[in-house]
Structures are given as C-alpha cells and as structure tokens.
1. Using only the alpha-carbon atoms, what does region 198-243 span along each of its principal axes? Please give whole angstrom values in decreasing order.
2. Figure the gain on full extension for Glu227 and Arg345 (residue separation times 0.36 nm, minus the Cα-Cα span) and round it to one decimal in nm.
3. So what is the relative contact order for region 365-421, in percent, with contacts set as C-alpha pairs under 8 Å and at least six apart?
4. Take the Cα radius of gyration of region 169-228 and divide it by 2.2 N^0.38 Å, with N its residue count; two decimals is plenty.
5. Put +1 on the Cβ of each Lys and Arg and -1 on the Cβ of each Asp and Glu in region 240-395; which of Ala377, Thr259, Gly298 then has its Cα farthest toward the positive end of the dipole?
6. At R0 = 35 Å, how high is the FRET efficiency between Arg412 and Cys81 if r is their beta carbon distance? Nearest 0.05 is fine.
7. Roughly how many percent of the accessible protein surface of region 239-350 is carbon and sulfur, given a 1.4 Å probe and a whole-percent answer?
8. Could you size up the charge dipole of the chain around its Cα centre, putting +1 on the beta carbon of Lys and Arg and -1 on that of Asp and Glu, and report it in debye to the nearest 20?
Amino acid sequence: MIDKNSKVLYDRAIKRLPGGVNSPVRAYRAVSRTPRFIEKAKGDRITDVDGNEMIDYICSWGPGILGHADPRVVQAVQAACEDGLTYGAPTEREVQMAELLAKLVPSMEVSRLVNSGTEATMSAIRVSRGFTGRDKIIKFRGCYHGHSDGLLVKAGSAALTTSVPDSAGVPADFTKNTLVAEYNDPASVEALFAANPGEIAAVIVEPVAANMGVVLPREGFLDFLREITKQQGALLIFDEVITGFRLALGGAQEYYHITPDLSTFGKIIGGGMPVGAYGGREEIMRFVSPDGPVYQAGTLSGNPVATAAGLATLQILEEDKGIYDRLQKKTKMLADAVRTAGKGRVVVNQIGSLMSIFFTDRPVEDYASATTADTRAYADYFGFLLDHGIYVAPSQFEAMFVSDSHTTEDIRQTIAVTEEFFAQ
C-alpha cells in the first residue's frame, strides 16, 4: 500500500510533536512502521491521506460501536453545533445523559460528567478516598486507568511492596498509596488487605482487562472482589471505559451481574466525542462538590456537542434489541477462524465485540501470561494485514473492536487474509 503522504506528514509531525503523535501507541514503534495519517472514516472503513481504504478494527479504540460517522449521530452533532459549541453552563442534555446512565446502568444513581476516561478514574479514586477517609487503593498489574499520577504505576518485585512510578515526572510520594495486585489472583488481593488493615479505600479494576490485550476474569474473580471490598469497608470501582456499552447495554456489570460502588465511563458515552463520567451510589456521590468536600470541576464537562453525540449513540443502542447479538456473532466468527488458522501459534481471547490475538501457545489470563506473547510475530501479522487493507491495533497489547457496521463479508475478507498469513 502507498504511504507517501503519511511519511511526509510524519516527517513534519516529529518536528513539533513528541514522537510525531499525540498519544504514544499511534507512533507505530511497536510494529516498526510509519504511522498512517487518517483523512476520513465512514461505517467500517477508514481512509488514510494516501487514499488507502481499510477495514477498521480499532473503531477509535472502542466508541465506534455503530461504525464511523453514523448519520443519526452526525445529525445530532450538527444540530448541536448550530446552537453553539460550549457554554460553560448547565444544559438539559447533561440532565438527560445522567438520567439515561442511571436507567441503563442502575448502579449509576448519581453521576458527574467529565472530559475523558482519565479524568473519570482519577475523580472516582478521589471520591472513594473522601468517602472512606482512607488513602490507599488497590489496582491490578496490566490494568490501565489513564495517565493520572496516582494510577500510572506498575508492580515491583513483590505485590506487597509500595509501587514505584511507571513514568518519569511522577514523584514517588504520589504513588506510595497505590498498591498493585495480580489480575485474576484473589490471594494477592487478600495479602494486600491483610498487610494494610483499615487503610484501603477502594479496589479499582477493569472488569475485563483490555489494556494488556483482552484478558477475561476467571470465574468467580469479580464476585470475590465484590465480597472482600464489602467485608473490608472498601469501595469497588469498575473501570468501564472499554467495556461500557460494549459487552451489554449495562456494561460488564450487567454481563457479570456484579454491582460496583462506583463506575467510570469514557469515549462511548460521547459517541466518540471527548467525554467521560463517573458515578455510583448516591451516598458516595453526594461527597462531590458542591454537595460535599471532594472537589472536582471542568469547564467543558458535559458540553452540548459531546452530550448530543452520546445521547444519540446510547439511545440507538437502547432501541436496537439485536445489536449485541449481532456483534457477538461477528466477533466470535472472526475469533474462531483466527484460532483455527493459527492453531499452535496463537491464543485468541474474545468476549462480546472485544478480542485480542496473542502470539503465544499458553492461555493468557493475567499480565505475566500476556507478556509471553511474541511481539515481533504480532508486528509481522499487523504489517501483513495493513498491507492487505485491514487496520488493527499497532500493538500486541491492545484490543480489537468490531462494530455494527462490519459485514459478514468484511469478516470473511479478514479471515482470508489471516489464513494467507499463517499459510506462509
């Protein structure tokens, strides 16, 4: 495929942007390629500045569940723009969004709109500390909750040690209250609670991990988290920035029948516009200013354009009773075919419209097993797909997303290219 114009743009970009991009994974360094600069997208297709049209399995990292530029969403955005882009004042759509979130995700009794998933998780942690009067939190190795200082950490040599920053520029004091457990390992969580009695405010988890590739919770793991947090007087926070409205209309908490104390959402509740939300039990959320002492604010929070796009998207999902069944069937069709084509060479994890292909021969159930994947082999696969008009995540440790716009023929075409790759 031609990438002349993308290379020209990249040469310009690296002079003015770190790595030539505004988010690290876009730099394509994990796959040793030049980033594709995108010009437009429609339905299940994305087109770069060289005119290459590709089947898109990134879907803007999740929110494109209906496909790109759905006319119903675009119309809602255009109408909102006619009335002004932002007011810095309350609007009816903010109220409608909060009401719709409470209806679709019953645990979201009271919510606060923000501008990103990072803002949502950062704020949910602050509220959990304010509500419980405790400072420490537990997160899981391999789970990503945005780039706020307190959450941008990894585990040390032992899960019980205080975490060290995972980024330069984050003071150690900012992360000393962040404890790191192993995803799908109840014993690691129990050990942290035992070592820090009465000090842990919350456990935050991606109910389905999707930032080390897609890693499903083992049976009973989420139930365990619900029970131990109740026993220990801590809050359970579900980070549904990826899983929200992807697995079910009520998110992963509906899919797994677990009710967290707080939840965070992003991307998809804005129909792809910059937006996020955190919320949960009313008694907790009333601690948020101006009702309570936990301060959080944002000029663009709940802006009228983002809420218009989000309301249109969520209302379509609510009204289309067959969409989740269609998404599951298409994604499973692709996942099963990749398993067959790459038998012995890959493991494919799939749930709903999320999937990941790991180039490893062992089950992927946590961070340690995810990192056994051969990233060079994935880079070769990525490049082969890209050269054949299929656009997937430029990293082994990101998810693939299927949208309602993907057709059965798209899936078959992707399968054919995958079979050709493994037949080499």
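The values are calculated or read from the model by the stated rules, or taken from the named source; none is laboratory data. Please read these numbers as outputs of a predicted model, since none were measured by experiment. With ideal geometry, Cβ positions are generated from the backbone for all residues, glycine too; neighbour counts draw on all protein chains shown. Accessible surface areas use protein heavy atoms only, side chains included; no ligands, DNA or RNA. Shrake-Rupley method; radii C 1.70, N 1.55, O 1.52, S 1.80 Å.
1. Sorted from largest, the Cα extents of region 198-243 read 33, 21, 14 Å.
2. 38.7 nm
3. Relative contact order of region 365-421: 32 percent.
4. The reported ratio for this selection is 1.24.
5. Farthest towards the positive pole: Ala377.
6. Once the sixth-power term is evaluated, E becomes 0.35.
7. After summing per-atom areas, the C and S share lands at 54 percent.
8. Result for the chain is approximately 780 debye, rounded to the nearest 20.
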